[in-house]
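Asker: Dropping the structure in here first, questions after.
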Amino acid sequence: MSLDNLSISNSSGRRPRSPRSQSRLRVGAIMLWTVAVLAVADLATGIVFPPLRDPLRMSSLQLYFDYGRSIEGKLRDEVGAASAQDAVIIDAGWIAENCNRASPTSPDKHAFDIYGMSFSNRIGERLVQLDPTLTENRFAGPSAPVNHSYACFLHRFDSKVNLAPIQILGVLASSIPRMLTLTGLTTSFEAIQPFTYPRYSLAADGRLVAINPSISTAYELRETLTNPAKWHRFVNQLAMHDYFYDRFVFNADLLDHSALGRMVRRAWGQRVQRERIAKLRRDDFANPDIEPVLRAMLIDFAKKARSVHARPIVVLIEDRGFGRSLSTIGAPALAANHVEFISTSDVVSPEAADNFLADGHFTAAANDKVARAVLSLLRRDPAMR
């Protein structure tokens, strides 16, 4: 090759790109195209399946893409400017608002108060159907833990409202992990439950000590959402005292506006909850923050009920997949303190799928068996026969 030709071939001053450099460029181009396609897909998904403020009008796909919004994002959408604009769930379970009712009295009826959740509500309803001489007063929260039920009873006891002669406390096995929470929000990521309740611990002398949430009514919730300082205080309290609080799942951020981002958050939220529940269940809830606290609440409930001449009864509700874990930690203390109780696992197997509906509740037949067992216990009192 002549010197002239060599000078022409290099006149641009550029060296030929190496294979490694060309590979990097291709990878970079692929990454840019991938990001662009994802951005377009994200935008298109948001346009085709836009979130609606009214969940009752959402299609199943809209609900699917909305599930991954932050807990705060969902909460701010479901709490209206006035109570009339709130989603139905906003009013459910507040102790200060729903645990003030006095028990009904009738000379021809045996009255009972029953505390718990939907399981206990269904048991109470069936009891009245089985025995028309019974009348009931239900106090419940969505999947409420025993600390909510105990606090509800305590609220009525301290307020000196008229308590029924029979006090029934329902404890649900699958809600035991919520003993380490202050609100239904942190364990109801996909369908929020905003009600709050105390978290209890034991002092050195064995007394129950309550950590009370900074929000105690639906009105205070609405007020807190409009006050950044109060909201910050509430979130900080959850970060300190609520075992299931997770910043990425709870706090609103830019991912709330991204369909793909919401899907990532949903997957993370499900993983966090599974892992934390699995950690608690590893030893069948034999946890220093659960087992002794549960026993103390059950015994104090019975003691206070007896002090006003009421008959305390505890129903240990062992739902599907929890075996006899609740009976293992609750029954010995109840028996030792001569507190009447039943364990539903003695009546219906928590491992038999045909005892449960698709939503996890007892079938009508299983609920009937449980209610009949409670009724049999009630009729041990000669006055009930």
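The values are calculated or read from the model by the stated rules, or taken from the named source; none is laboratory data. These figures come from a predicted structure and were not determined experimentally. Every residue, glycine among them, receives a Cβ derived from its backbone with ideal geometry; neighbour counts consider all protein chains shown.
Asker: Please determine whether any residue of segment 141-152 is out of contact with any strand residue (DSSP E or B) (no Cβ under 8 Å at 6 or more places or on another chain), modelled with pLDDT of 95 or more and in a helix (DSSP H, G or I).
Answerer: yes
Asker: Follow-up question, since we're still on this one. Kindly provide the set of residues from segment 284-302 that are in a helix (DSSP H, G or I) and under 17 Å from ALA173 (Cα atoms), ordered by number.
Answerer: Listed by number, the residues that qualify are GLU291, PRO292, VAL293, LEU294, ARG295, ALA296, MET297, LEU298.
Asker: Looking only at segment 196-217, decide whether some residue is assigned to a helix (DSSP H, G or I), touching a helix residue (DSSP H, G or I) at 6+ places or on another chain (Cβ under 8 Å) and buried (at least 17 other Cβ atoms within 10 Å of the Cβ).
Answerer: Looking through segment 196-217, none of the residues is assigned to a helix (DSSP H, G or I), touching a helix residue (DSSP H, G or I) at 6+ places or on another chain (Cβ under 8 Å) and buried (at least 17 other Cβ atoms within 10 Å of the Cβ).
Asker: Is it true that ILE114 is surrounded by 21 or more Cβ atoms within 10 Å (Cβ to Cβ), at pLDDT 95 or above, touching a Gly at 6+ places or on another chain (Cβ under 8 Å) and not in a helix (DSSP H, G or I)?
Answerer: Yes: the conditions hold for ILE114.
Asker: Collect the residues in segment 232-265 that are assigned to a helix (DSSP H, G or I), within 20 Å of the chain's Cα centre (by Cα) and either at pLDDT 95 or above or of a type in the set (A, V, I, L, M, F, W, C) (or both), keeping them in residue-number order.
Answerer: Within segment 232-265, PHE234, VAL235, ASN236, GLN237, LEU238, ALA239, MET240, HIS241, ARG247, PHE248, VAL249, PHE250 meet the criteria.
Asker: Would you check which residues across segment 91-128 are within 17 Å of ASN367 (Cα to Cα) and free of Cβ contacts under 8 Å to residues at least 40 places away in the same chain and list them?
Answerer: If the condition is that a residue be within 17 Å of ASN367 (Cα to Cα) and free of Cβ contacts under 8 Å to residues at least 40 places away in the same chain, then ASN121, GLU125, VAL128 are the ones that fit.
Asker: Right, another one. Contact list please: Cβ distance under 9 Å, first residue in segment 245-267 and exposed (fewer than 15 other Cβ atoms within 10 Å of the Cβ), second residue of a type in the set (Phe, Trp, Tyr) and part of a helix (DSSP H, G or I), pairs at least six apart or on different chains.
Answerer: Correct list of pairs: PHE248/TRP268.
Asker: I need a count of the residues in segment 129-171 that are touching a residue at least 12 places away in the same chain (Cβ under 8 Å) and either on the phi > 0 side of the Ramachandran plot or charged (D, E, K, R) (or both).
Answerer: 5
Asker: So, in segment 231-240, how many residues would count as being more than 14 Å from THR187 (Cα to Cα) and surrounded by fewer than 16 Cβ atoms within 10 Å (Cβ to Cβ)?
Answerer: Result for segment 231-240: 4.
Asker: Still on this model: Just give me the residues in segment 140-165 being among the β-branched types (Val, Ile, Thr) and crowded, with 22+ Cβ neighbours inside 10 Å, in sequence order.
Answerer: Selection gives VAL146 alone.
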